[in-house]
Amino acid sequence: MWLVALLLVPVESARAQPRNLDIYWVDVEGGAATLMVSPSGESLLVDSGWEVDGRDAKRIFAAAQQAGLKKIDYFILSHFHADHAGGLQALAKLIPIGRCFDRGDFIEPANQRWRDAYLSVCASKRTILNAGDKIPLKGLQVDVVASNGRLIAKPLKGGGPNSLGATAENKPADVPENQLMVGALFTYGRFRFLDLADLDWEKEMELACPVNRLGEVTIWQTGRHGALDGAGAPGFLYAIRPQVVVVNNGPRKGLGGPSPGSQKAA
Ligand SMILES: [Zn+2]
């Protein structure tokens, strides 16, 4: 009997500890992999970095271990490019992945490889997201604000008219994959974290002008890894007014530069 009591104590004391929302930006050298652990203990990973012989999968797994996770409950693949989908197959061999979410079935031939890689892990447990959907992560509100080229129609709380769109610079649409991706807003109390992955300049402007559909955010993970030619439209940034900006970049990628060994649109 005493043994049972002994075993229960750590569990009970762990439950008594108040938990925070933890966000891990895993260094995947110009790709993207963002791991969130909600105060409920449930976890969500957005994107899986590059393939590179399992390098990024190992880094994500190390972050998951640091977070004490035995499983990643939810995985969102923002879009089918090498720097976001590349690590998934190796990661799934290191840690179980619960449910998967993606933008849908349209694919350009050049990206078919990454769709196949995603489906090899997620085909039996995937959900296709629409703008306006919520992901049922306990303890964190997850609003899907963009998916498959569509955006939320009504502004979220804090959104409203944005007059900057009248004069702010816009750009032509980028390659389809960079227009179609899943973008999400994560809300925990007053804290709001926006991850639009590589959503292009033109779609950013559509989200922000003439109506700012997002409101202001606390943290913005830069679009296109900080490649400010293809994302980071001023008309959008002055609408969302991030307090903190996180750039997941590598030594030779971002800020307008090419990424080594990748397709130019990554
Ligand atoms: Zn990318």
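Going 7 Å from the Cα of ASP105 along its beta-carbon direction, which residues of region 128-142 have the amide nitrogen within less than 16 Å of the resulting point? Residues 128-130 qualify, since their backbone N sits under 16 Å from the label point.
Taking only the C-alpha atoms of region 114-185, the Rg (one decimal) and the largest Cα-Cα distance, Dmax (whole number), read 15.5, 47 Å. Counting only DSSP H runs of at least 4 residues, each contributing -39500 (n - 2.57), and dividing by the residue count of the chain, the helix-based mean residue ellipticity at 222 nm comes to -7000 deg cm²/dmol. Note on LEU119, LEU207: ascending count of other Cβ atoms within 10 Å places them as LEU119, LEU207, the fewest first.
For region 20-246, averaging the sequence separation of C-alpha pairs within contact (under 8 Å, six or more residues apart) and dividing by the residue count gives a relative contact order of 15 percent.
Note on LYS93: aspartates and glutamates with a C-alpha under 14 Å away, same-chain residues under 8 apart excluded, are GLU51, ASP53, ASP56. Label-to-label distance for VAL247 and ALA173 is 2.9 nm, based on points extended 7 Å past Cα in the beta-carbon direction. Extension gain, LYS70-LYS134: 0.36 nm per intervening residue step, less the Cα-Cα distance, totals 20.6 nm. Cys residues of the chain that find no other Cys beta carbon under 4.7 Å: CYS209. How tilted is helix 55-66 with respect to the longest principal axis of the chain? Cα atoms for both, answer in degrees (0 to 90, nearest 10). Taking the Cα atoms of the chain, the angle to 55-66 is about 50 degrees.
Positive contributions from Lys and Arg (+1) and negative ones from Asp and Glu (-1), summed over other residues with Cβ under 15 Å from the Cβ of GLU202, come out at -3.
Counting only trypsin sites (Lys or Arg not before Pro) that are in a DSSP loop and have at most 12 other C-beta atoms within 10 Å, tell me the longest site-free stretch of the chain. Within the chain, the longest run free of exposed trypsin sites (Lys or Arg not before Pro) spans 1-69. Against the longest principal axis of the chain, how steep is helix 112-122, in degrees 0 to 90 to the nearest 10, with axes from Cα atoms? The angle comes out at about 30 degrees.
Overall, the chain carries a charge dipole of about 680 debye about its Cα centre when +1 sits on the Cβ of Lys and Arg and -1 on the Cβ of Asp and Glu, all other atoms neutral. Shape index of the chain: Rg/Rh, with Rg the Cα radius of gyration and Rh the Kirkwood radius from the inverse mean 1/r over Cα pairs, equals 0.99.
Read-outs throughout are calculated quantities, based only on the coordinates presented, and are distinct from any laboratory measurement. Predicted, not measured: the structure shown is a model, and the values here were computed from it. A quick note on method: Cβ atoms are made from the backbone with ideal geometry, for glycine too, and the neighbour counts reach across all protein chains shown.
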